[in-house]
Amino acid sequence: MARGKKIYEGKAKILFEGPEPGTIVQYFKDDATAFNAEKKDVIDGKGVLNNRLSEYFMTGLAQIGVPTHFLKRLNMREQLVRSCEIIPLEVIVRNFAAGSMSKRLGIEEGTQLPRPIVEYCYKDDSLGDPLVTEEHIAAFGWATQQDMDDILGLALRVNDYLSGVMYGVGIKLVDFKIEIGRVYEGDFQRLVVADEISPDSCRLWDLETGQKLDKDVFRRDLGSLTDAYAEVARRLGVMPKTSTPTKPTLVN
Ligand code: TMP
Ligand code: ASP
């Protein structure tokens with residue numbers, strides 16, 4: 001086993017020291033939480049699916065020149081990533097209104113937005129990850145103006161990539177959240193897409209039926225979460241060779 005000491009345990013993942021300096025082993029748990037962990041459950045197989053799906057998206061991003069922290073998948077639940085300093089922001093990109101934006105602005109879920117809208121939340125569980133503006137980010141020094149330009153560029157490139165990949169398998173990318181890390185290379189630093197990209201951090205709706213294939217299935221009690229995630233994996237051709245059902249039965 002390549003992993004060393006535990007560094008951090010979050011709601012869905014555990015980070016361990018990696019085999020070489022500058023590397024981290026990211027372990028995907030089966031724990032699902034929503035509403036800042038007010039709702040929790042353990043969903044058998046979720047970690048395995050998210051490990052695979054995040055590998056798939058991060059690898060695809062690297063292939064089109066978007067830098068990520070991903071190095072390689074180690075096993076069913078673990079991947080090796082570059083260690084980076086996480087910028088304390090949740091970067092959200094929305095193509096269609098849903099979730100907190102629909103609530104906040106009274107826009108019906110599913111309404112197409114005139115253009116992708118990027119939002120920032122300050123990563124602090126004790127505050128419930130509040131929405132912030134670039135003014136807060138600059139004033140409190142969470143990121144520089146150069147970082148913000150780079151973050152916006154990365155977020156929009158991830159949006160184009162993910163929207164296209166999803167569209168190709170009959171899924172609408174409603175919105176998603178990414179986290180950005182700083183990697184130091186000598187005197188230089190660059191920003192990379194970090195954390196994970198999975199149905200935990202996206203809203204994915206079937207193009208034809210509108211069926212939800214993301215964590216809203218858990219948040220809103222809409223049926224089996226692993227069936228939904230397995231369906232995404234199956235369509236993308238990354239279905240792991242496990243006991244996850246080959247013909248998922250989805251409940252809307
Ligand atoms: P929201 O509509 O609840 O603000 O969520 C926007 C997107 O961000 C949605 O795709 C789900 C994702 N998200 C996370 O990944 N983590 C979170 O803690 C929250 C609140 C949302
Ligand atoms: N990830 C957050 C939590 O655990 C919120 C969410 O995804 O809905 O509570």
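Observations, loosely collected:
- Whenever a residue of the stretch 190-210 is within 19 Å of Val93 (Cα to Cα), its partners that are within 11 Å of ligand 2 (Cβ to nearest atom) and open to solvent by 30 Å² or more (accessible area, probe 1.4 Å), lying with C-beta atoms within less than 7 angstrom and at least six residues away or across chains, give the pairs Ser201/Lys177.
- Filtered by the rule that a residue be within 19 Å of Val81 (Cα to Cα) and either open to solvent by less than 20 Å² (accessible area, probe 1.4 Å) or within 16 Å of ligand 1 (Cβ to nearest atom) (or both), the stretch 24-46 gives Val25, Gln26, Phe28, Lys29.
- Scan the stretch 9-23 for residues that are buried (at least 17 other Cβ atoms within 10 Å of the Cβ) and within 16 Å of ligand 1 (Cβ to nearest atom) and the total you get is 2.
- So Ile86, is it of a type in the set (Val, Ile, Thr), touching an Asp or Glu at 6+ places or on another chain (Cβ under 8 Å) and crowded, with 17+ Cβ neighbours inside 10 Å: no
- Residues located in the stretch 117-136, provided they are closer than 18 Å to Arg203 by Cβ, open to solvent by 50 Å² or more (accessible area, probe 1.4 Å) and away from ligand 2 (no atom under 16 Å from the Cβ): Ile117
- Checking each residue in the stretch 176-194 for being among the hydrophobic types (A, V, I, L, M, F, W, C) and open to solvent by 70 Å² or more (accessible area, probe 1.4 Å) picks out only Phe188.
- Pairs linking a residue in the stretch 109-128 that is under 14 Å from Asp175 (Cβ atoms) and in contact (Cβ under 8 Å) with a residue 24 or more places away in the chain to a residue that is open to solvent by 40 Å² or more (accessible area, probe 1.4 Å) and of a type in the set (A, V, I, L, M, F, W, C), with Cβ atoms under 7 Å and 6 or more positions apart or on different chains, are Pro116/Leu156; Val118/Leu152; Glu119/Leu131; Cys121/Leu131.
- Ile171 vs. criteria open to solvent by less than 10 Å² (accessible area, probe 1.4 Å) and farther than 14 Å from Val93 by Cβ: yes
- Boolean, Arg203 is surrounded by 18 or more Cβ atoms within 10 Å (Cβ to Cβ) and modelled with pLDDT of 95 or more: yes
- Given (1) under 15 Å from the mean Cα position of the chain (by Cα); (2) within 14 Å of Ile87 (Cα to Cα), index of the condition Val174 fails: (2)
- Within the stretch 137-163, considering residues that are farther than 17 Å from Ile86 by Cα and in contact with a strand residue (DSSP E or B) (Cβ under 8 Å, 6 or more places away or on another chain), the one farthest from ligand 2 (Cβ to nearest atom): Leu156
- Residue selected from the stretch 49-72 under the condition touching a Ser or Thr at 6+ places or on another chain (Cβ under 6 Å) and among the hydrophobic types (A, V, I, L, M, F, W, C), by the criterion farthest from ligand 1 (Cβ to nearest atom): Ala62
- Among the candidates Val217, Val232, Val192, Val183, the residue that is away from ligand 2 (no atom under 16 Å from the Cβ), modelled with pLDDT of 95 or more and touching a Leu at 6+ places or on another chain (Cβ under 6 Å) is uniquely Val232.
- When Ala155, Ala139 are screened for being within 13 Å of ligand 1 (Cβ to nearest atom) and either open to solvent by 50 Å² or more (accessible area, probe 1.4 Å) or under 28 Å from Tyr229 (Cα atoms) (or both), only Ala155 passes.
The values are calculated or read from the model by the stated rules, or taken from the named source; none is laboratory data. The structure displayed is predicted, hence computed values, not measured ones. Please note: Cβ atoms are built from the backbone with ideal geometry, for glycine as well, and neighbour counts cover all protein chains shown. The area values use the complete protein model at the heavy-atom level, side chains included, leaving out ligands, DNA and RNA. Shrake-Rupley method; radii C 1.70, N 1.55, O 1.52, S 1.80 Å.
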